[in-house]
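The values are calculated or read from the model by the stated rules, or taken from the named source; none is laboratory data. All values derive from a computational prediction rather than experimental measurement. Please note: Cβ atoms are built from the backbone with ideal geometry, for glycine as well, and neighbour counts cover all protein chains shown.
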């Protein structure tokens, strides 16, 4: 069995024409948080997860209507599993749990991740059975690694996921089915047609640096820590009422309102958890300043060289793709401080100090001196409330990166996920960028707002018609079936490229 089938990841040297279904951010397992939220066992975990019916019915529909002369490739554009945000008791695992893992649940060691995958498969049996039926019909399943399932880096975890899918088939059929499932560490490429990457490497809060080796330099048995994973495990999961949705848009004032709502005791606890997160991230920054050892750098170069050889790409091309990614937050002290609002906290504390100093001066010496000392407090307080842009919103960088990828690799569609926002944008020269939205939520059910209670369940359907590929952004409803999706931006028609295939602009359902 080949897990990272890099020789076939790019879709090269295939005579058979495929149709493609591309969807992202299913987040299976996001409701498995019983270690930190034990009430889940007697509440939402007693009901079937809402995403199951949607996903299973969509797969069954397309298996039924698919042209028998062609096969389907179903591509999950990252975050198929919610591995990072799960919270299960750290028991019955060979790798000794750390203090953080005893506090927050199973971590990122290989055997921990295998245990989490088993729990997800037990929670979503209908989904795994539907995927098994998909590959049993001769179709293929492609999974691109995202930031929430970055722990699929481990071979043992990849084998566990594949076995959880094929277990529903007869034993003698399983070897053939395994070959139709591939897990991709960075991107999935169909030359001239598709480039698929989750998009978290364009997000300063979620970037792991090297896209092929996200392990921690100080403990190679575990995945390195980044702001998103540290804040998710240390702050968001243990705190009721704190959603992780659109973290890049949440203002400092929103967090202050939450502290008022939590009261003194609740604020003290979240402050402690936040302090632990800050210490953890500052430790990551300090480790980067210390530098990776020569052996690790050599291992990274060797792995990248092998990856380039298997995918048939030049090392220079991989270097150009990697150069488009953002610098991880943990490698810059200023970004760490901004991403955690530590700059605002320091400004707030300085403002309070100026106020106290001004009051003391006004009382003991001169009122004018006290007022002049309080003026900086006003400026610092204003910065605390308004501040500067943290620069962590990834959407613009993803779009810019998609345009560069389309030029570099000459593909028709650059497809990403990550932001949970369904979007299509013209890139010029007949290429398009598509963000396929989301099917699930990374928040547990008790943190999902009414507006986000039902994800849009959008996907890109790329299919061959009369010798030419076309694509439509679709929305799935288990009762009504597929329909054209409403998009965030109006689209303009694109001209056909000389290659003989055609791009059909992905239309807004309101104009149909």
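Of 222, 237, all but one fail to be surrounded by 15 or more Cβ atoms within 10 Å (Cβ to Cβ), in contact with a strand residue (DSSP E or B) (Cβ under 9 Å, 6 or more places away or on another chain) and at pLDDT 80 or above; the exception is 222.
Scanning region 132-152 for residues that are over 26 Å from residue 212 (Cα atoms) and either out of contact with any strand residue (DSSP E or B) (no Cβ under 9 Å at 6 or more places or on another chain) or in a helix (DSSP H, G or I) (or both) gives 132, 133, 134, 135, 136. From the list 57, 43, 108, the lone residue that is in the same structural domain as residue 136 (by TED's automatic domain parsing), modelled with pLDDT of 90 or more and within 24 Å of residue 160 (Cβ to Cβ) is 108. So the check is Cβ under 7 Å with 6+ separation or different chains; which pairs have a first residue in region 168-183 that's assigned by TED's automatic domain parsing to the domain that holds residue 80 and a second one that's modelled with pLDDT under 90? Qualifying pairs under 7 Å: 178/1; 182/5; 182/8; 182/9; 183/3; 183/4. Inclusion of residue 241 among residues that are touching a residue at least 40 places away in the same chain (Cβ under 8 Å), under 30 Å from residue 50 (Cβ atoms) and outside any helix (DSSP H, G or I) is warranted. Here the condition is being modelled with pLDDT under 90 and within 27 Å of residue 189 (Cα to Cα); of 389, 442, it holds for 442 alone. When 230, 196, 204 are checked against the criterion of being in contact with a strand residue (DSSP E or B) (Cβ under 9 Å, 6 or more places away or on another chain) and in contact (Cβ under 8 Å) with a residue 12 or more places away in the chain, 196 stands alone in meeting it.
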